[in-house]
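What follows is calculated from the coordinates using simple rules that are stated; it is not laboratory data. Computed from a predicted structure; not experimentally measured. No Cβ is skipped: glycine too gets one built from the backbone with ideal geometry, and neighbour counts run over all protein chains shown.
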Amino acid sequence: MDTLFFVVSKTLAPFLQLETWLFLAVAAGFVFLRLGRVRTATWLTGLGAALFAMIAILPLGTPILNSLEARYPPNPVPRDIVGIIVLGGGEDTMRSAAWGQPLVNEAGDRFIAALSLANRHPEAFVLFTGGIGSLTRSGPSGAAVARQLLIDAGLAPERLILEGGSRNTAENARLSLEHRTDGPGAWLLVTSAFHMPRAVESYCAAGWSDIVPWPTDYRGERFSDGIGWDLAAHLRDLETAVREIVGLTVYRVTGRASDPDGCLVMAD
């Protein structure tokens, strides 16, 4: 069932990309024009152009990102930390393999936060969870890249726990539970702030009960600051926001996410 869920989610993912729908609107307009349906073709082309301009000028994803990122406070002050969980997604596995060195992407703040927390809590384990989350790409797992990156940055190998079989957030939560060490104390959960609500609810559903969310990699901003022609950035943020809302909804419906009440440890 997990494999079917993974395959279906990756297969449907392109339909959550707004450029797919913009392309389909333009393509449909061309088809109707060829069929002599000029009015319909004009309407579709105009709609595509209007949406294109609106997305290029307005940061439509910002309110959604802000609502997700405000769910858990930044920089909590936890006590009695036994481990730090780092969710995969910040590593660039394909370019790392191509260039022979560990490389990160726009979510690389997850590694910065993990290393900073590891320095603050020198007795804590660091549990990285992430495998290969693609249907078509091969290469090293996220765990393999993370191992090199974290150890090269000075983390003692005996503190590092690697889980390299998970392909999505639900599997991150379930498989990392099998790798956790025994002992009292809380586990810091490090991931991008917009992704934290789904991550927390996934870990709660998997059976974790001592999580402290540590959000990083913030993408939101004031709406007014983002107004201006920047199609690439606005489209990226809007797609990120839509994908996360849809993902959280699907996880809840399928039982892969649950109410976080009773699962979290309150930090100071």
Subject >> the range 73-218: radius of gyration and largest Cα-Cα distance (Dmax), Å >> reply: 14.0, 42
**OP:** Report ³J(HN,Hα) in whole Hz for each residue of the range 51-58, in order, from the Karplus equation J = 6.51 cos²θ - 1.76 cosθ + 1.60 where θ = phi - 60°; Gly and Pro get x.
**Re:** 5, 4, 5, 5, 5, 5, 8, 9
**OP:** Would you calculate, for the chain, the mean residue ellipticity at 222 nm contributed by helices, counting each DSSP H stretch of 4 or more residues as -39,500 (n - 2.57) and dividing by all residues, to the nearest 500?
**Re:** -15500 deg cm²/dmol
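About the Cα centre, and with charges only on the beta carbon of Lys, Arg (+1) and Asp, Glu (-1), how big is the dipole of the chain? Nearest 20 debye, please.
Computed charge dipole of the chain: roughly 1020 debye.
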Original post:
Regarding the chain, what is the average projected area of its C-alpha convex hull, in nm²?
Top reply: 16.5
Original post:
When you count, for each residue, the other Cβ atoms within 10 Å and take the mean per peptide, how do 41-49, 122-130, 243-251 rank with the highest first?
Top reply: 122-130, 243-251, 41-49
Subject >> Amide H contacts of VAL104 (H built 1.01 Å from N, under 5 Å, at least 5 apart or other chain) >> reply: ASP92
**OP:** Give the angle, between 0 and 90 degrees and rounded to the nearest 10, that separates the Cα long axis of helix 18-34 from the longest principal axis of the Cα atoms of the chain.
**Re:** 20
Original post:
Ranked from highest to lowest mean number of other Cβ atoms within 10 Å per residue, what is the order of the peptides 252-261, 139-148?
Top reply: 139-148, 252-261
**OP:** Determine ³J(HN,Hα), in whole Hz, for all residues of the range 225-238 in sequence, where each value follows from phi through the Karplus function 6.51 cos²θ - 1.76 cosθ + 1.60 and θ = phi - 60°; x replaces Gly and Pro.
**Re:** 5, x, 5, x, 6, 8, 4, 4, 5, 5, 5, 4, 5, 5
